[in-house]
Amino acid sequence: MEWNRRNIIVAVVILILGFGGGGAMYLYQKGGTQGGMAFMWFRLEKWADGLDGVMTEMTPMEIREAKKKAEKVAEIALQKYPELRIEDKPVPREQNGFYAMLELAEDPRLGGLRKIDFYKLLSGDPVDLDQLRKELEPFEEIGLEIERVAAMPERSSSDVPAGYEGMVPAGQVKAMVEYLLSKALLSAGNEDEAFRYVYLAMNLSDHLRYIESPNLLSETVLILCRLNIMDSVIKDIFPQLGNSANLEKWSRLIEPRRDIISQRHAELLKGELAFFNDYGCVLVFNMVPDPKELILARHKMVHTVVAELEGMDLKHFSHWIDSPPGTFSRGLSAEGAAIIGMFGSQTWARGVIRPLVGENLYEAALDLLIREKAGEDLSRLSETYVLNPYTEKPFKYDPATRTLEEVSESEGGEIEPLKLPW
């Protein structure tokens, strides 16, 4: 890789997944990513301008030497903060769903599948199943590969394909999930087959959920996949199945995650640090005059924030303000301080509340359908039995329109109303 100015900017974007993953969610909430990403790129371009004249291309030998130095410094830091060390839990490669997913993402056949406008195809009311089936016909071969990878029961990030540098291929994973959901919809005349495809989609997303070193980007892709799956089940597949479906079985498949959100966030920050140690430390040896001090400061920063998160409940997490990066940049060079100042996950932490509430909203809808099938009269209800985890109050329900009402920003984040499928 040529370590030129633009590659430095790309690498910094990779390093700052506190902005990259959560920032994408934040910018979306603020009115779309296109303008926000352009602004971020402009800022990074301006920052990189200040490096002109000191940046030099690294030779392969220099990269190897920098890697050795970086590993040595990172090991010193991990000995000081042993709780930040992530233990690998390798699985045989032929059983590693995470490895297989990354490998499949490089398959050129997936490029054609990505060109399908699934959003347009699945947003019809009703969905044009004949057109959807026609669009998928050329992809039966790659579809079988997607099914094979999605069915793998284990996953590990301790073994990854050559060339992987911590960036989960979001577009490719999205296409895999959308393919499986489309097949589920086309199979909705056969509940068992529809369920199988949705199970595969959920299990594929779990390849990102259960790895040893998840990071903010992988978690963002995981969240978007899960919400897509839940939305498709309630809005597209259930109307095809009708109320004769085995709702309890579906409920177990798409139930919300029960992770303690602060604890999961701490795991993500450790994963971010592992990513930094594997791929970022080499870079800083060519970016700053004090790489050792910067690496140590980065570890101290994560150590401090992880300690802050321990035992924190959702309410406190939603108002959490982490230690300012400047706290850890004292004594660093201007370049080192600038890089430390760009790390941070507070914005991402704010953004993750909304999808958490959204998952529980889908559960509330399914719970109502189960209760109605058991004989309860929903026309007498004005709220759900499932609670909003943010407010710890029921979601509002309108029996006249059979709709779970909009969730406001103060209740966890501007979520559209959800109409029951029948």
Q) Which residues, counting only those in region 90-104, are in contact (Cβ under 8 Å) with a residue 24 or more places away in the chain, in a helix (DSSP H, G or I) and more than 16 Å from LEU208 (Cβ to Cβ)? A) ARG93, GLN95
Q.
Cβ contacts < 6 Å: first residue without any contact (Cβ under 8 Å) to a residue 60 or more places away in the chain and of a type in the set (Ser, Thr, Tyr), restricted to region 397-421; second residue outside any loop (DSSP other than H, G, I, E, B) and buried (at least 20 other Cβ atoms within 10 Å of the Cβ), any location; separation 6+ or different chain. Result?
A. TYR397/THR384; TYR397/LEU404
**Q.** Odd one out for LEU227 among (1) of a type in the set (A, V, I, L, M); (2) within 13 Å of the chain's Cα centre (by Cα); (3) crowded, with 23+ Cβ neighbours inside 10 Å
**A.** (3)
**Q.** Enumeration of residues in region 368-409 that are within 19 Å of ILE234 (Cα to Cα) and of a type in the set (Lys, Arg)
**A.** ARG371, LYS373, LYS396, ARG402
**Q.** Scope region 378-409; condition assigned to a loop (DSSP other than H, G, I, E, B) and under 21 Å from LEU241 (Cα atoms); matching residues
**A.** THR401, ARG402
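Matching residues to (1) out of contact with any His (no Cβ under 8 Å at 6 or more places or on another chain); (2) not assigned by TED's automatic domain parsing to the domain that holds PRO289; (3) not acidic (Asp, Glu):
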{"residue": "ARG330", "(1), (2), (3)": "yes, no, yes"}
{"residue": "SER333", "(1), (2), (3)": "yes, no, yes"}
{"residue": "ALA337", "(1), (2), (3)": "yes, no, yes"}
{"residue": "MET342", "(1), (2), (3)": "yes, no, yes"}
{"residue": "LEU356", "(1), (2), (3)": "yes, yes, yes"}
{"residue": "GLU363", "(1), (2), (3)": "yes, yes, no"}
Q | Extreme residue, surrounded by the fewest Cβ atoms within 10 Å (Cβ to Cβ), among residues of region 80-102 that are among the aliphatic types (A, V, I, L, M) and farther than 29 Å from LEU296 by Cβ | A | VAL91
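The values are calculated or read from the model by the stated rules, or taken from the named source; none is laboratory data. Every value quoted in this text rests on a predicted model; they were computed, and no experiment measured them. All Cβ positions, even for glycine, are placed from backbone atoms using ideal geometry, and neighbour counts span all protein chains on display.
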